[in-house]
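First up is the structure itself, then whatever we jot down about it.
Just so it is clear, none of the values below were taken in a lab; they were calculated from the coordinates. Note that the coordinates shown come from a computational prediction; the quantities given were computed from them, not determined experimentally. Please note: Cβ atoms are built from the backbone with ideal geometry, for glycine as well, and neighbour counts cover all protein chains shown.
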C-alpha cells in the first residue's frame, strides 16, 4: 500500500496565489470537483466550514488541514495547495498558513477501508516535521509527491 | 520509561493520526518506548496489547471524544489532553509525562 495512491497530480497545486482562506478552500474544492472527488462545491464547502467552526484546523508550522465528512464526496481524496504567500488562518501556533491540505471524506465509507487506510497513513505524515519542511518548499507537483513518499 | 496511549479526534481522519505520529516521534526522541493506538473513522488501529498496557509506566490519552476501552487503563497513571495539545506541543507533553512519573515515584 503506497501513500502515492491517494495523491492525484491534478489535485495538487503549487505556487497557488490565494489571498484568503475562502479563496484557497474554493480553489482546492474546485480541483476536487473537476477530478470527480466531490459532486458539489457549495454543499461540500458548507460541511468543511462546519468542521472549521468546531476548532482550529491550522496545525502549526504553516499547515492547515481543513476536513469534515460530507455527503457530497464521491471518492476519498485530498487536494493540496502550496500558496505563494502566508494567508490568515486560525492555527495552533498563531501563524498563518502556506500549505493547505483539504480532505474529502464521505459519510458512508462502506467498502472504502483501503482508501481510509491510505488517508490515515497520509495524515500521519503530516505529523512529521521533515515532511512538512519539504512540502512547504515544493515548487512543483512532483516535489509535493516526493515530500510524502520518501 | 514505557508510554502507551490513545489518539482520537472528532472526525477521525486527520488529527488522530497527526497526534499519533507527533507523540511517537517525541517519545522516541526523548529515549522512551512508546506505542499509540488510534481510534478513527477506519476503526481501531495499532491496538495496544494487554502486555503493553501492563508494562507501561504511564498512559497518555490525546482525545477529543470518549475513547473506547478506557477501562483497560484502570489503576494506571493517566494524562488526558485534547489532540490539539499533542499536535502543538508533543515534546512538552512527553516532558509532562516524565514529571508525573517522577512525582509518582517520589510518593
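Residues in segment A:1-52 that are surrounded by fewer than 16 Cβ atoms within 10 Å (Cβ to Cβ) and in a strand (DSSP E or B): A:15 alone.
For segment A:72-89, the count of residues that are more than 20 Å from residue A:11 (Cβ to Cβ), at the interface with chain B (Cβ under 10 Å from one of its Cβ atoms) and surrounded by fewer than 21 Cβ atoms within 10 Å (Cβ to Cβ) is zero.
Out of all the residues in segment B:42-57, which are within 14 Å of chain A (Cβ to nearest Cβ), touching a helix residue (DSSP H, G or I) at 6+ places or on another chain (Cβ under 8 Å) and surrounded by fewer than 20 Cβ atoms within 10 Å (Cβ to Cβ)? Passing the criteria: B:45, B:46.
Checking each residue in segment B:70-94 for being in contact (Cβ under 8 Å) with a residue 24 or more places away in the chain, surrounded by fewer than 16 Cβ atoms within 10 Å (Cβ to Cβ) and over 21 Å from residue B:15 (Cα atoms) picks out only B:77. Restricting A:104, A:147 to residues that are assigned to a strand (DSSP E or B), in contact (Cβ under 8 Å) with a residue 12 or more places away in the chain and surrounded by 15 or more Cβ atoms within 10 Å (Cβ to Cβ) narrows the list to A:104. Residue B:11 passes every criterion in (1) within 14 Å of chain A (Cβ to nearest Cβ); (2) at positive phi apart from (2). Screening residue A:145 on (1) more than 10 Å from chain B (Cβ to nearest Cβ); (2) touching a strand residue (DSSP E or B) at 6+ places or on another chain (Cβ under 7 Å) shows it passes everything except condition (2). Annotation: of all residues in segment A:53-66 being surrounded by fewer than 24 Cβ atoms within 10 Å (Cβ to Cβ) and part of a loop (DSSP other than H, G, I, E, B), the one that is nearest to the chain's Cα centre (by Cα) is A:65.
State yes or no: is residue A:136 more than 10 Å from chain B (Cβ to nearest Cβ) and surrounded by fewer than 21 Cβ atoms within 10 Å (Cβ to Cβ)? Yes. Condition check for residue B:29 on (1) within 14 Å of chain A (Cβ to nearest Cβ); (2) touching a helix residue (DSSP H, G or I) at 6+ places or on another chain (Cβ under 6 Å); (3) farther than 19 Å from residue A:68 by Cα: one failure, at (2). Right, residue B:96: more than 30 Å from residue A:48 (Cβ to Cβ), assigned to a loop (DSSP other than H, G, I, E, B) and in contact with a strand residue (DSSP E or B) (Cβ under 9 Å, 6 or more places away or on another chain) or not? Answer is no for this residue.
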